[in-house]
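The values are calculated or read from the model by the stated rules, or taken from the named source; none is laboratory data. Please read all numbers here as calculations on a predicted model, not as lab measurements. Backbone-built Cβ (ideal geometry, glycine too); neighbour counts: all protein chains shown. These accessible areas exclude ligands, DNA and RNA; they are computed on the full protein's heavy atoms, side chains included. Shrake-Rupley method; radii C 1.70, N 1.55, O 1.52, S 1.80 Å.
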Amino acid sequence: MHPVLKDIRLISFDLDGTLIDSVPDLAAAVDRVLSELELPQAGIEKVRHWVGNGSFKLVEQALTDALGMAPEASLLAQGHERFLYHYSQDVGSRTQLYPGVIEALAGLRAQGLILTLVTNKPKAFVPSILQSFGLAEYFSLFLGGDSLPQKKPDPAPLLHVAEHFGIPQAACLMVGDSRHDMRAGKAAGFRTLAVPYGYNHGDPVSQSQPDALVESLAELIIPSAAQVAARSEA
């Protein structure tokens, strides 16, 4: 097991950019909205930098980019409603599971750890995604971005999870790909672990100074070559 897991009893995972690469489906829904409004499409690479703050903020950034200014409230509300519709029609046909995810979740559950999911994605979309990728069985609880009044980077969702299971925050770990995940984890008193392959608005997640960073979640249960080398030199 990875050293960051020492004395950890509960792990909260982010979803988009940590367990799944959902940007292709999110971008498709965003571009359908923009096309309906006769605005230029954004494309996958732009959307990749906008993911992580919830669907409302995603649509706001897309409209701001297309218009060259902040959208009026009525247009933003319309765009968000249409985004939710289009995304609900296809939440997973282009989405991919990152390598090592299933192995990590299965291994961690086998070790008796409580696994939870804390995402800013609207809760309604989460069950079908978890089911379609065979992830639902691993999580004892999940929270969406609208499950509570606050969402990440506010620590409230993580504090809720810890309290729900009666686990001290110091025995909890937040795993994510963005500065919002790291901020939420640190503010909640969780240990933090980052993966560098996610979205994080184009910035290296290492800048958020996580307690640990792994190239693949499989490293949580299977030591990386660097870890093996370090142990052999010790």
Next on the checklist: Under the rule of at least 5 residues apart or a separate chain, name every residue whose amide H is placed under 5 Å from the amide H of residue 15.
Outcome noted: 120
Next on the checklist: Need one number: nm distance between label points at residue 197 and residue 150, each 7 Å from Cα along Cα→Cβ, rounded to one decimal.
Outcome noted: 3.2 nm
Checklist outcome for this item: Ranking 124, 62, 35 by how far each Cα lies towards the positive end of the charge dipole of the stretch 35-149 (+1 on Lys and Arg Cβ, -1 on Asp and Glu Cβ), the top one is 124
Next on the checklist: What figure, in Å² to the nearest 10, do you get for the accessible area of residue 95 with a 1.4 Å probe and non-protein molecules left out?
Outcome noted: 10 Å²
Next on the checklist: Given Cβ point charges of +1 (Lys, Arg) and -1 (Asp, Glu) and nothing else, what value in debye, to the nearest 20, does the dipole of the stretch 7-159 about its Cα centre take?
Outcome noted: 340 debye
Next on the checklist: Let's see if you can work this out: charge +1 on each Lys and Arg Cβ, -1 on each Asp and Glu Cβ, no other charges. What is the dipole magnitude of the stretch 1-77 about its Cα centre, in debye to the nearest 20?
Outcome noted: 340 debye
Checklist entry - ³J(HN,Hα) across the stretch 145-156 via Karplus (A = 6.51, B = -1.76, C = 1.60, θ = phi - 60°), whole Hz, x for Gly/Pro? => result x, 10, 6, 10, x, 10, 9, 4, x, 4, x, 3
Next on the checklist: Looking only at the stretch 67-222, where both bridge partners belong to it, what percent of the DSSP beta bridges are antiparallel (to the nearest 5)?
Outcome noted: 0 percent
Item to check | Solvent-accessible area per residue for the stretch 25-109 (1.4 angstrom probe, square angstrom) | outcome: 49 Å²
Next on the checklist: Between [x] 18.0, 62; [y] 17.9, 51; [z] 16.6, 46, which entry matches Rg and Dmax of the Cα atoms in Å as derived from the coordinates of this structure?
Outcome noted: [x]
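Rounded to the nearest 0.05, what FRET efficiency do residue 167 and residue 1 have when you use their Cβ-Cβ distance and R0 = 22 Å?
That pair, residue 167 with residue 1, gives E of 0.80.
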Checklist entry - Under a GNM of the chain (C-alpha, springs under 10 Å), which listed residue has the highest mean-square fluctuation: 198, 52, 100? => result 100
Next on the checklist: What is the percent carbon and sulfur in the accessible area of the chain, measuring with a 1.4 Å probe over the protein chains and ignoring ligands?
Outcome noted: 52 percent
Checklist outcome for this item: Residues whose modelled amide H sits under 5 Å from the amide H of residue 141, counting only those 5 or more places away in sequence or on another chain, are 117
Checklist entry - Which ³J(HN,Hα) values in Hz, rounded to whole numbers, follow from the phi angles of the stretch 170-175 under the Karplus curve 6.51 cos²θ - 1.76 cosθ + 1.60, where θ = phi - 60° and Gly and Pro get x? => result 5, 9, 10, 10, 9, 10
Checklist entry - Which cross-chain or sequence-distant (5 or more) residues have an amide H under 5 Å from the amide H of residue 152, H modelled 1.01 Å from N in plane? => result none
Checklist outcome for this item: Under the 7 Å Cα-to-Cβ spin-label approximation, residue 73 and residue 36 lie apart by a distance in nanometres of 2.1 nm
